[in-house]
Amino acid sequence: MGSTTLPSVGEIRRLQRAEGPAAILAVGTANPPNCVSQEEYPDYYFRITKSQHLTDLKQKLKSFCKQKGNYI
């Protein structure tokens, strides 16, 4: 039977490193397909999650949105 030599920690680290300079290949932005105002968000959220029956929780979210501003 042949003996197997395990690589050293230094050798493993060297093999995991890339050679050459680093480069940024692309820059992008993500824009959601729709925009929901903070005032409309609680109604929107509970409608899309089919949770409209959770009225107490919906009121808490509305209250939170009011406290965070931009809610007229």
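The values are calculated or read from the model by the stated rules, or taken from the named source; none is laboratory data. Please read these numbers as outputs of a predicted model, since none were measured by experiment. Note that each Cβ is placed from the backbone with ideal geometry, even for glycine, and that neighbours are counted across all protein chains shown. Heavy atoms of the whole protein, side chains included, go into the accessibility calculation; ligands, DNA and RNA do not. Shrake-Rupley method; radii C 1.70, N 1.55, O 1.52, S 1.80 Å.
Worth pointing out:
- In segment 51-70, the residues that are at pLDDT below 90, part of a helix (DSSP H, G or I) and open to solvent by 100 Å² or more (accessible area, probe 1.4 Å): F64, K66, Q67
- Filtered by the rule that a residue be at pLDDT below 85 and either open to solvent by 100 Å² or more (accessible area, probe 1.4 Å) or acidic (D, E) (or both), segment 33-50 gives P33, C35, E39.
- Within the span defined as segment 6-25, one or more residues are among the polar types (S, T, N, Q) and not in a helix (DSSP H, G or I).
- Remark: pairs (first residue in segment 28-49, in a loop (DSSP other than H, G, I, E, B); second residue open to solvent by 80 Å² or more (accessible area, probe 1.4 Å); Cβ separation under 6 Å; 6+ apart in sequence or on different chains) = Q38/N70.
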